[in-house]
Amino acid sequence: MAKHNLQLTFFAALILTAGVAGPALAQFPQLPIKLPGGVSPQDTRKMQSLDRNIEETRAKIQTWETYLAAVAASPRKVLERVGTPPSYDDLRRWTFTPPWPEMKSHPQYGPVSEQIKALRSRVARIGLYVGEWRTWEYDAKTVSAEQLKYVDSIEDKFNGMRGSSGVSEKTDQNLKFIADVFKRPEMDKDPVLQYFRDEVAKPQWEGVRWRHAVVKINYLEGAQKSLRDDFDRSWKNCAKQCKERIWGETKRLVTYIDEVKAAGFVLKDHTIMSDPREPLSATWNLEQLKAELGKILKAK
């Protein structure tokens, strides 16, 4: 009898619990909650996140636009470590591996991705890293092992040259080597190599060459002052070997000026301080500097 009473008490408790809890639980509809138009709160939050990511990416693109304009106005800015924009390679990764798979379905993903890709050649033309061609999935090109020999060789040299912060004969040699490879018959006959050369490698070659010219302008400022000080201090009592040393250094700096011009710079548009240690010293454009160096070459 006691056993039956215990069972009855247990079932009564269950009925009582159901009677109390049932109405309370019924107040909360099951998730996901469908809003008008069939949009759930989760969908709304996801879309807000996608929208925010799009806007953040647009802001990064604008930062690059501002930076490119600043470098165009003052090329030596490209050598400064402060004030550089977010990594361009991060933007490239956003295009191919966005934060969520749903990002590619966002109506603005396509246009923003095109903006990122349009920046590639412009960023490359100031000598900055834009990612190897394989990271761009070869621009939907099928690349053979033989073609990769050209791609890898050229891009390895680009990556090595970008790490140079000083004037380097090796950089000049590599630039010449790549320019010669561009002229090989297979670069015209093979459509994939032709595309790689014209659309991918040439902007990078132009950029490394341009940046190396900026490095030379920066170098000239200090080197010409040291040379002129040496000339003023030593020339009167200079033996033949001493004079040849000064002439040789002068010719080297004149060669750098000619190489800067060959890289597309207008010499009159680029100035240095005659004495970089004195902020109030006269400024010379590169044509004026070449004339000053010419005076040393003419000295007897």
Cross-link reach list, aspartates and glutamates versus Lys243, counting only Cα pairs under 20 Å and skipping chain neighbours closer than eight places: Asp229, Asp230, Asp232, Glu292
Carbon plus sulfur fraction of accessible area for the range 98-138, probe 1.4 Å, in percent: 54 percent
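How large is Rg over Rh for the range 183-300, taking Rg from the Cα atoms and Rh as the Kirkwood inverse mean of 1/r across Cα pairs?
1.16
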Value of [θ]222 nm, deg cm²/dmol, for the chain, DSSP H segments ≥ 4, -39500 (n - 2.57) each, nearest 500: -22000 deg cm²/dmol
Heavy-atom accessible area order for Ser49, Ser165, largest first, 1.4 Å probe: Ser165, Ser49
Dipole magnitude of the range 156-293 about its Cα centre (Cβ charges: Lys, Arg +1; Asp, Glu -1), debye to nearest 20: 360 debye
For the chain, the Rg and Dmax computed from alpha carbons only, in angstrom: 33.0, 132
Lys/Arg +1, Asp/Glu -1 at C-beta; the chain dipole; positive extreme among Ile296, Trp94, Gly222: Ile296
Leading residue at positive end of dipole, the range 69-148 (Cβ point charges), from Leu128, Ala140, Val71: Val71
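With a Förster radius of 45 Å, plug the Cβ-Cβ distance of Asp156 and Lys300 into 1/(1 + (r/R0)^6) and report the FRET value to the nearest 0.05.
The pair Asp156/Lys300 has a calculated efficiency of 0.40.
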Full-stretch length increase - Glu244, Lys46 - with 0.36 nm per residue and alpha-carbon distance subtracted: 64.0 nm
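How far, in nm, would the chain grow between Glu80 and Thr135 when pulled straight, counting 0.36 nm per residue and subtracting the alpha carbon separation?
Gain on stretching Glu80 to Thr135: 17.1 nm.
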Cα gyration tensor shape of the range 55-203, rounded if a/c is under 1.5, else prolate or oblate by comparing a/b with b/c: oblate
Selected from Lys261, Lys189, Lys290 as most flexible by GNM, with the chain as the system and alpha-carbon contacts under 10 Å: Lys189
Gaussian network model of the chain, springs between alpha carbon atoms under 10 Å - residue of Gly264, Gly131, Gly207 with greatest fluctuation: Gly264
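How do 222-229, 233-240 rank on mean C-beta neighbours within 10 Å, highest first?
222-229, 233-240
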Å² of accessible area per residue within the chain, as computed with a 1.4 Å probe and no ligands counted: 60 Å²
Which listed pairs, of Lys236/Lys261; Lys77/Lys295; Lys141/Lys183, have C-alpha distances above 24 Å, in listed order: Lys236/Lys261; Lys77/Lys295
Using alpha-carbon coordinates, inclination of helix 109-124 to the longest axis of the chain, degrees: 20 degrees
Where labels lie 7 Å past Cα in the beta-carbon direction, separation of Asp229 and Gln108 in nm: 5.5 nm
Estimated FRET transfer efficiency when R0 is 25 angstrom, pair Ala69-Tyr195 (beta carbons, to 0.05): 0.30
Point-charge dipole on Cβ atoms (K/R +1, D/E -1) for the chain, about Cα centre, debye to 20: 740 debye
Dipole of the range 198-300, positive direction: furthest Cα of Ala262, Gly248, Trp205, with charges on the beta-carbon: Gly248
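The values are calculated or read from the model by the stated rules, or taken from the named source; none is laboratory data. Because the structure is a prediction, the values reported are computed rather than measured. Please note: Cβ atoms are built from the backbone with ideal geometry, for glycine as well, and neighbour counts cover all protein chains shown. Only protein heavy atoms, including side chains, enter the accessible area calculation; ligands, DNA and RNA are left aside. Shrake-Rupley method; radii C 1.70, N 1.55, O 1.52, S 1.80 Å.
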